[in-house]
Amino acid sequence: MSETPQTLRARAEIDLGALRANVRALRARVAPHAQVMGVVKADAYGHGAVPCARAALAAGATWLGTATPHEALALRAAGVEGRILCWLWTPGDPWREGVEAGLDMSVSGMWALREVVAAARGAGRTARVQLKADTGLGRNGCQPADWPELVGEALKAQADGAVRVTGLWSHFACADEPGHPSIAAQLESFREMLAYAEEAGVEPEVRHIANSPATLTLPDAHFDLVRPGIAMYGVSPSPGIGTPADFGLRPVMRLSGSLALVKQAPAGHGVSYGHHYITPRPTTLGLVPLGYADGVPRHASGRGPVLVGDKVRTVAGRVAMDQFVVDLDGDTVPPGAEAVLFGPGDDGEPTAEDWARAADTIAYEIVTRIGSRVPRVYRNVDSEADSEAEWRTGLGSRPAGTPGTVGTDGDRENR
Ligand SMILES: *Cc1c(COP(=O)(O)O)cnc(C)c1O
């Protein structure tokens, strides 16, 4: 790959071509009438919210989803248009800005309905509201017992012109365990809560409950719209339901660093904090300049896999804040050589799922926690489709060596 000062140490390459293909693969899985919402919360699971949002829309997603209103407003500030649903509100949040930005705002309880109605009246505009049902997740959403009051009050606010109820929706607890009894129970509860609201007079544009695993495995849950997050980034929601390739998906993120030092070490040499690794023989050690501050899990100390020079090595000893060591087993590798932590797997590199196993977590956490110190380098930017690609400009003003996003038209050949 062509390096810039920011990307010399490490980089997370983001293949927007893969993201677009993943969105198309997901669209092909749902009925023609069903829409796809690209979930881009948490900076698009670490992949960069604005470029991923644009790529998702270019590939046919018609909605975007975020957790917080601030994430949704940041997309609007970057010029992203179209429907955006945001669902994690706290009292005092910027409802008024949300109304003015034309967001679809999720409401799970009476306090939220009161705040959105007040904001709509203040703005002199109708707020778009989606009522969220707790059909069994036991997290956000309105309990069945409280649903009649919420639906009734929302309909009154709609009659007054303060809100328009654009959607009715819910979220699964165990969709990544196909056949789990809670899935059928949640679907039944969702159908009942939908029927109640529709009989009361709600005419939703969209009814939706499916996250990635339900999009991939449960057509009965697709309704009018599906909300894939992790699948859009080419990562399987759970190894139990299949690999990304089983669903025609390709990992979007490839994380690598450049060896900062390669040196000989004698047998019996302790490596990194706590000396949890002792060289078993005279060997070469390679220093990878990525650490837990960059999102490399400290839990993967002694276990995380890294491709260096055609062989997968294992993290030797502790992952530190900024760096960790791999035992190169006597191989001669030049400083600056690439150490690939994870990627699509094409060249034998580990995957985010491999790191999840090594760190005893899920691949969602691996990609999402890659820190802001790691520059994102966008590959296969389709300048026609993802127009106004402002992440490709403005680099001249960013001092060399500071984190940021870098765009190139480089493709896989010149990695
Ligand atoms: C995160 C999230 C999604 C996407 O979940 P994935 O498993 O990544 O597809 C969908 N809906 C809601 C409410 C979410 O919080």
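Which residues, counting only those in the range 351-360, are within 12 Å of Arg298 (Cα to Cα) and either assigned to a loop (DSSP other than H, G, I, E, B) or basic (Lys, Arg) (or both)?
Ala359, Asp360
Looking at the range 244-290, which of its residues are in a strand (DSSP E or B), among the polar types (S, T, N, Q) and crowded, with 16+ Cβ neighbours inside 10 Å?
Ser256, Ser258, Thr283, Thr284
Taking the range 125-163, which residues are within 16 Å of Trp95 (Cα to Cα) and either surrounded by 19 or more Cβ atoms within 10 Å (Cβ to Cβ) or among the β-branched types (Val, Ile, Thr) (or both)?
Matches in the range 125-163: Thr126, Ala127, Arg128, Val129, Gln130, Leu131, Ala154, Ala157, Ala162, Val163.
Among the numbered conditions (1) within 16 Å of the ligand (Cβ to nearest atom); (2) closer than 21 Å to Ser372 by Cβ; (3) of a type outside the set (Gly, Ala, Ser), tell me where Val226 comes up short.
Result: Val226 passes all but (2).
Just wondering, is there one or more residues in the range 32-39 that are within 15 Å of the ligand (Cβ to nearest atom) and part of a loop (DSSP other than H, G, I, E, B)? First the steps, then the outcome.
If we filter the range 32-39 for residues that are within 15 Å of the ligand (Cβ to nearest atom), which is where we start, we get 34-39.
From what's left, part of a loop (DSSP other than H, G, I, E, B): 34.
The answer is yes, given that some residue of the range 32-39 is within 15 Å of the ligand (Cβ to nearest atom) and part of a loop (DSSP other than H, G, I, E, B).
Starting from the range 227-243, keep only residues that are over 12 Å from Ala363 (Cβ atoms) and assigned to a helix (DSSP H, G or I), then list their pairs with residues that are within 8 Å of the ligand (Cβ to nearest atom) and β-branched (Val, Ile, Thr) whose Cβ atoms are within a distance under 6 Å, requiring at least 6 positions of separation or different chains.
Filtered contacts from the range 227-243: no entries.
A quick yes/no check of all residues on (1) surrounded by fewer than 24 Cβ atoms within 10 Å (Cβ to Cβ); (2) β-branched (Val, Ile, Thr):
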site	(1), (2)
Pro32	yes, no
Ala42	yes, no
Tyr45	no, no
Val50	yes, yes
Gly60	yes, no
Leu64	no, no
Ala67	yes, no
Gly82	yes, no
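Where the second residue is in a strand (DSSP E or B) and the first is near the ligand (Cβ under 9 Å from one of its atoms) and lies in the range 189-215, which pairs have Cβ atoms under 6 Å and are six or more apart or on separate chains?
Here the result reads His208/Trp169; His208/Leu225; Ala210/Val226; Thr215/Val226, each pair linking the range 189-215 to a residue that is in a strand (DSSP E or B).
Which of (1) of a type in the set (Gly, Ala, Ser); (2) closer than 30 Å to Asp382 by Cβ; (3) in contact with a Cys (Cβ under 7 Å, 6 or more places away or on another chain) does Ser108 not meet, given it meets every other one?
Evaluating Ser108 over (1) of a type in the set (Gly, Ala, Ser); (2) closer than 30 Å to Asp382 by Cβ; (3) in contact with a Cys (Cβ under 7 Å, 6 or more places away or on another chain) leaves (2) as the failure.
FYI, it's all coordinate maths here, none of it is from the lab. Small disclaimer: the values here were computed from a predicted structure and weren't measured. FYI the Cβ positions are ideal-geometry reconstructions off the backbone, even for glycines, and counts take in every protein chain you see.
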